[in-house]
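Everything on this sheet refers to the single structure shown next.
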Amino acid sequence: MKIYKVFLMATLSVLLVSCGGKNGGMPNFGDNEYPVVTVQNKSTSMQTTYPATIKGVQDVEIRPKVAGFITKVCVREGQAVGAGQLLFVIDNETYQAQVRQAQAAVNTATAQMNTAKLTFENNQKLFEQNVIGQYELESAKNTLASAQAQLAQARAALASAKESLSFCFVKSPSSGVIGSLPYKVGAMVSASSTPALTTVSNNSSMEIYFSVAEKDMLELTKTAGSAHAAVNSFPPVKLQLADGTVYGHEGKVMKASGVIDAATGSVQLIAQFPNPERLLKSGGSGSVIVPRSDNSTIVIPQACVSEVQNKKFVYVLGKDNKVKYTEITVDPQTDGNNYVVRSGLKVGDKYVTNGITKLTDNMEIVPITPEQYQKKIDEAAKLGSEGTAKGFIDAMQGKK
């Protein structure tokens, strides 16, 4: 008897739970009543997400212009640097010797030019005194011009040698953050070295690259009138980071590619986001969130839609109170609870919201409001609970 009572207790619990739910489907009212609502326009706020790649506004690969061994690394990974800051020093003994050699050549050419100048000035005086002839004067003049040309050539060689020496001191061309440092002191590098010495990324603001379908971009362009206007018409966008959180600053779509990717059939867009906290890193990934608002859309609950072979259907109520199995098309973006209907329903249509699994095409029903439907569910649940409780009490008292 004790075991029997325990069993009855468990049975009662299950029955109470099953009868107490309000979403357990359409109760059998016995009067063929189904809840029906009228289609109306609503304001909706939806969003579309696109996979995105994060890059700095300016990502500069640093490569040496001369070949040599690295003698000093002046920065560390992740360090913020300014334009013109020294990053690497390459072995420069040979280039210093070339500078000294070029400087000596300049000194020699300067001395020769001074001597030629004195000779020419002296010959001018002698020519005026008719001591020498025109030939001697012109020869001295040509010698001076040659010495001046040799001096200019020596100075050019010195400037070239100094520039080559300066290439041994690799400096940052812009402000930014240092990337990885694959080479250490003692490594042999050149202009063709792969990978580069490092990358300087200007991450004060970041460019987020994402792609939209050619069809969507074409529709935007037609609506806005031009591709430039279509880009400007984009609302402020958000960025979902790799950890699922939403970045704290909004971005603005700035540019669109003028070429369609033949492999993917998409157009690349670039949105710019501020990065004051330096949270975004070049090379990262995420998703761009583009919000969409519409003041005249048809929104219906997903629970009233049946799906057959990737097609969606609702039961639309006719004037004769017969339901019609009607196909609809919906927006691919949903909030998980509702569909935005693009075709198949219009304002003023009436559709069944619950109990659709018991309906068939052209079936006649008695339409009621959702409030009446919910009231009947509550009453049925209450009656079921009371009947089960009475049976349980009778069993506990040993009644048959």
| task | Please sort through the DSSP H helices of the chain and keep those with an alpha-carbon extent of at least 20 Å along the long axis and a Kyte-Doolittle average not below -1.0. | result | 2-20, 93-128, 134-166, 370-396
| task | Give, in nm to one decimal, the length gained when the segment between Q240 and T326 is fully stretched (0.36 nm per residue of separation minus the Cα-Cα distance). | result | 27.2 nm
| query | So, by mean Cβ neighbours within 10 angstrom, what's the order for 328-338, 103-113 with the highest one leading? | reply | 103-113, 328-338
| request: Might you report the magnitude of the Cβ-based charge dipole of the chain about its Cα centre, with Lys and Arg at +1 and Asp and Glu at -1, to the nearest 20 debye? | output: 900 debye
| For the charge dipole of the chain, defined by +1 on Lys and Arg C-beta atoms and -1 on Asp and Glu C-beta atoms about the Cα centroid, which residue among T264, T49, S192 has the Cα displaced farthest towards the positive pole? | T49
| query | [x] 22.9, 94; [y] 42.3, 158; [z] 29.3, 92: which one is Rg and Dmax of the Cα atoms in Å as calculated from this entry? | reply | [y]
| said: Just to be sure I understand the model, the point goes 7 Å from the Cα along the line to the Cβ. What's the resulting K162 to N114 distance in nm? | reply: 2.0 nm
| task | Lys and Arg at +1, Asp and Glu at -1: add these up for the other residues within a Cβ distance under 14 Å of S174 and post the number. | result | -1
| remark: When the charge dipole of the chain is computed with +1 on Lys and Arg Cβ and -1 on Asp and Glu Cβ about the Cα centre, the Cα farthest towards its positive end, among S174, V75, G348, belongs to G348
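Counting Lys and Arg as +1 and Asp and Glu as -1, what is the net charge of the other residues whose Cβ lies under 13 Å from the Cβ of L241?
That works out to 0.
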| remark: For D320 the rounded accessible area (nearest 10 Å², probe 1.4 Å, non-protein molecules ignored) is 90 Å²
| note | If every Lys and Arg gets +1 and every Asp and Glu gets -1 at its Cβ, then about the Cα centre segment 260-330 yields a dipole, in debye to the nearest 20, of 160 debye
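Would you mind calculating the relative contact order of the chain from Cα pairs under 8 angstrom and at least 6 residues apart, reporting the percent as a whole number?
The value is 28 percent.
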| note | The long-range amide H neighbours of Q85, using H built 1.01 Å from N in the peptide plane and a cut-off of under 5 Å, are S172
| Is it possible to state the helix-based mean residue ellipticity at 222 nm for the chain, with each DSSP H run of 4+ residues giving -39500 (n - 2.57), the sum divided by total residues, to the nearest 500 deg cm²/dmol? What is it? | -11500 deg cm²/dmol
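In the chain, carbon and sulfur make up what percent of the accessible area (probe 1.4 Å)?
For the chain, the apolar C and S fraction of the accessible surface comes to 53 percent.
The values are calculated or read from the model by the stated rules, or taken from the named source; none is laboratory data. Fair warning: this is a prediction, and the values are worked out from it, not measured in the lab. In this analysis, Cβ positions are derived from the backbone assuming ideal geometry, glycine residues included, and neighbour counts consider all displayed protein chains. The area values use the complete protein model at the heavy-atom level, side chains included, leaving out ligands, DNA and RNA. Shrake-Rupley method; radii C 1.70, N 1.55, O 1.52, S 1.80 Å.
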